[in-house]
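**Student:** Below is one structure. I have some questions about it.
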Amino acid sequence: MAELRPFRPLRYDPVRVGELAAVVAPPYDVISPAARDALYARSEFNVVRLILNRAEDPYADAAATLRRWRQDGILARDGQAALGYHVERFALPDGSTRQREGLLGIVRLEAFDTGRIRPHERTFASPKEDRMRLLRACRTNLSPIFGLLAQPPSAIDPARTAAAQRSPDVQVRDDTGVEHRLWLLTDKAVTGALSAALADEPVIIADGHHRYETALAYAEQCRAAGAVDADAPSNFVLMYLTSMRDPGLVVLPTHRVFAAGIDPAALLTQVRQHFAVEAFPRTAVADFRARLHAASGQEQVGLVLSGRDDLFVVTLDNETLAQRYAAAIAPVVRRLDVTVLDTVILRGLLGIDCVAAGQDGRLFYTHADDEAISAVEKGAQAAFLMNAPRLDDVQAVCSAGETMPQKSTYFYPKLLTGLVFHPFDD
């Protein structure tokens, strides 16, 4: 059901910018202020100047920068429409390597109630307003949405076959060591076969919910202003699509660390009243991890507390508690580990709003077990360790028309920004 089309990409001219690694960047929402400054210093043409501009009026400056780069030939539009075959090779913390493969094209924007494109996480107003102002100013999709398909990886075999015949059009290694290779496929027989293969396939948004909803709202505004061409570029969004069964599809856990705002002793007392609690000495970190990760999906959370020598695995065994604090949440979402933590423990028992806590600096997130544990050893009050969500759970939530709490999933690696852009001019 997703309408995938080739597009004429706007991309960096390697002759003008030199090494592509100097001008690409991660998505805007994972760039810290220090990282933004470093990307600014790396190159006068780094894409951070578009996606996370630091001028007084960042939106106007980003738009002016984009116009100037196009006029000066820093960015040039390809003459032919293409679908991208994007291959990422990367290492995991255990030393193993994976390869993720997907297609890069434009997908027709669809309201969520059509069921053709489905979200899996909740969104918030502030990020959407920020991205809307940038989209209005630049009239360009600067970063791709990350989409998932239920079809097997073999659905994109025509792309693999075509790419095997030649070298990639774009190749770069990013700051995290991920090797990116991108083939721009222009043969209409190939692109037509790929579009047809995915025509009946709904898309689950893995990453980029705020940008997708922003693009959808922008398209609606254009139509309200009199735009009647159903094939106008603003009715499409740049999207990367990969199979949920791709062996390189990796989801990392998102741990919560509280620097302030939690009384560790009171928290442990509350948890012991409603949860089964297993304790492990700090010297048995491996056993703690093994116990936590062996029972993914069983409504449990790892707990590390300041002033306590033990590490805890807590499992919900009080359904009355879940009903009290999460009765309004659909059962397919209520049983998730992340719901037990965010809705039952943090919001319910402790009265903590995670969004507010993140905004005022009390709460931060990490995807590494070691970092979460060591943060408490260095002075944080508490760390809550999560299991990575299962893809079956993500699919079940979407199929039920529900969404998961924010920060439920972290698909690794993040898509790189700066390989290609989708401008709205003809």
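**Student:** State whether the residues of segment 312-319 include one that is surrounded by 15 or more Cβ atoms within 10 Å (Cβ to Cβ) and under 18 Å from A368 (Cα atoms). Lay out the reasoning, then the answer.
**Tutor:** First, the residues of segment 312-319 that are surrounded by 15 or more Cβ atoms within 10 Å (Cβ to Cβ): 312-316.
Within this subset, residues satisfying the condition of being under 18 Å from A368 (Cα atoms) are 312-313.
Yes, there is a match, as at least one residue in segment 312-319 is surrounded by 15 or more Cβ atoms within 10 Å (Cβ to Cβ) and under 18 Å from A368 (Cα atoms).
**Student:** Is one or more of the residues making up segment 140-149 in the same structural domain as P26 (by TED's automatic domain parsing) and surrounded by fewer than 17 Cβ atoms within 10 Å (Cβ to Cβ)?
**Tutor:** Just the residues of segment 140-149 that are in the same structural domain as P26 (by TED's automatic domain parsing), to begin with: 140-149.
Retained after the next criterion (residues that are surrounded by fewer than 17 Cβ atoms within 10 Å (Cβ to Cβ)): none.
Checking segment 140-149: not a single residue is in the same structural domain as P26 (by TED's automatic domain parsing) and surrounded by fewer than 17 Cβ atoms within 10 Å (Cβ to Cβ).
Okay, residues lined up against (1) among the acidic types (D, E); (2) more than 26 Å from R108 (Cβ to Cβ); (3) touching a residue at least 12 places away in the same chain (Cβ under 8 Å); (4) part of a helix (DSSP H, G or I):
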| site | (1), (2), (3), (4) |
| --- | --- |
| T339 | no, yes, yes, yes |
| G348 | no, yes, yes, yes |
| A372 | no, yes, yes, yes |
| A380 | no, yes, yes, no |
| D392 | yes, yes, no, yes |
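**Student:** Further, regarding this structure: Taking helices (runs of 4 or more DSSP H) that fall entirely within segment 26-72, which contain at least 3 residues that are surrounded by fewer than 14 Cβ atoms within 10 Å (Cβ to Cβ) and free of Cβ contacts under 8 Å to residues at least 24 places away in the same chain? Explain how you work it out, then say what you get.
**Tutor:** On the way: elements: 33-42, 48-51, 58-71.
Fully inside segment 26-72 and qualifying: 33-42, 58-71.
**Student:** I'd like to know if segment 108-127 contains one or more residues that are touching a Gly at 6+ places or on another chain (Cβ under 6 Å) and of a type in the set (A, V, I, L, M, F, W, C).
**Tutor:** Taking every residue of segment 108-127 in turn, none turns out to be touching a Gly at 6+ places or on another chain (Cβ under 6 Å) and of a type in the set (A, V, I, L, M, F, W, C).
**Student:** Looking only at segment 230-262, filter to residues that are surrounded by 19 or more Cβ atoms within 10 Å (Cβ to Cβ) and farther than 30 Å from Q99 by Cα; which one of those is farthest from the chain's Cα centre (by Cα)?
**Tutor:** Checked segment 230-262; the qualifying residue farthest from the chain's Cα centre (by Cα) is I262.
**Student:** Being within 17 Å of Q406 (Cβ to Cβ), acidic (D, E) and in the same structural domain as R282 (by TED's automatic domain parsing) narrows it down to one of D337, D309, so name that one. Break it down stepwise before answering.
**Tutor:** On the way: D309 fails: within 17 Å of Q406 (Cβ to Cβ).
Only one candidate qualifies: D337.
**Student:** Taking segment 263-298 as the region of interest, how many residues are over 19 Å from I352 (Cα atoms) and either in contact (Cβ under 8 Å) with a residue 12 or more places away in the chain or under 31 Å from the mean Cα position of the chain (by Cα) (or both)?
**Tutor:** Step one: list which residues in segment 263-298 are over 19 Å from I352 (Cα atoms), which gives 276-298.
So of that shortlist, the ones also either in contact (Cβ under 8 Å) with a residue 12 or more places away in the chain or under 31 Å from the mean Cα position of the chain (by Cα) (or both) come out as 276-282, 284-298.
Result for segment 263-298: 22.
**Student:** Now for a different question. Tell me which residues, restricted to segment 176-201, are out of contact with any Pro (no Cβ under 8 Å at 6 or more places or on another chain) and charged (D, E, K, R).
**Tutor:** Matches in segment 176-201: E179, D187, K188, D200, E201.
**Student:** Then there is this: With the condition kept exactly as written, say whether any residue in segment 89-102 is in contact with a helix residue (DSSP H, G or I) (Cβ under 6 Å, 6 or more places away or on another chain) and at pLDDT 95 or above. Walk me through it before giving the result.
**Tutor:** First pass over segment 89-102, keeping only residues in contact with a helix residue (DSSP H, G or I) (Cβ under 6 Å, 6 or more places away or on another chain): none.
The answer is no; no qualifying residue exists.
**Student:** Can you find a residue that is of a type in the set (D, E) and assigned to a helix (DSSP H, G or I) anywhere in segment 73-86?
**Tutor:** Residues of segment 73-86 that are of a type in the set (D, E), as a first pass: 78.
Filter again for assigned to a helix (DSSP H, G or I), leaving none.
Looking through segment 73-86, none of the residues is of a type in the set (D, E) and assigned to a helix (DSSP H, G or I).
**Student:** Out of the residues in segment 95-115 that are polar (S, T, N, Q) and not in a helix (DSSP H, G or I), which is nearest to R181 (Cα to Cα)? Spell out the reasoning first.
**Tutor:** Here is the first cut: in segment 95-115, the residues polar (S, T, N, Q) are 96-97, 99, 114.
Of the ones still in play, those that are also not in a helix (DSSP H, G or I) are 96-97, 99.
On the way: S96: 19, T97: 16, Q99: 11 Å.
Checking each candidate, the answer is Q99.
Residue-by-condition table, conditions (1) at pLDDT 90 or above; (2) polar (S, T, N, Q); (3) surrounded by 13 or more Cβ atoms within 10 Å (Cβ to Cβ); (4) under 19 Å from T320 (Cα atoms):
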position: T269; (1), (2), (3), (4): yes, yes, no, yes
position: A276; (1), (2), (3), (4): yes, no, yes, yes
position: A279; (1), (2), (3), (4): yes, no, yes, no
position: D287; (1), (2), (3), (4): yes, no, yes, no
position: R291; (1), (2), (3), (4): yes, no, yes, no
position: A294; (1), (2), (3), (4): no, no, no, no
position: V304; (1), (2), (3), (4): yes, no, yes, no
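**Student:** Tell me which residues, restricted to segment 133-163, are within 18 Å of the chain's Cα centre (by Cα) and under 20 Å from S234 (Cα atoms).
**Tutor:** Result: N141, L142, S143, P144, I145, F146, G147.
**Student:** Do we find that T315 is hydroxyl-bearing (S, T, Y) and either free of Cβ contacts under 8 Å to residues at least 12 places away in the same chain or within 30 Å of L415 (Cβ to Cβ) (or both) in this structure? If you could, list the steps in order and put the result at the bottom.
**Tutor:** Values: hydroxyl-bearing (S, T, Y): yes; either free of Cβ contacts under 8 Å to residues at least 12 places away in the same chain or within 30 Å of L415 (Cβ to Cβ) (or both): no.
Taking the combined requirement at face value, the residue does not satisfy it.
**Student:** Out of curiosity, is D157 assigned to a helix (DSSP H, G or I), closer than 25 Å to R223 by Cα and of a type in the set (D, E)? Full working, then the answer.
**Tutor:** Numbers: assigned to a helix (DSSP H, G or I): yes; closer than 25 Å to R223 by Cα: no; of a type in the set (D, E): yes.
So D157 fails the test.
The values are calculated or read from the model by the stated rules, or taken from the named source; none is laboratory data. Every value quoted in this text rests on a predicted model; they were computed, and no experiment measured them. All Cβ positions, even for glycine, are placed from backbone atoms using ideal geometry, and neighbour counts span all protein chains on display.
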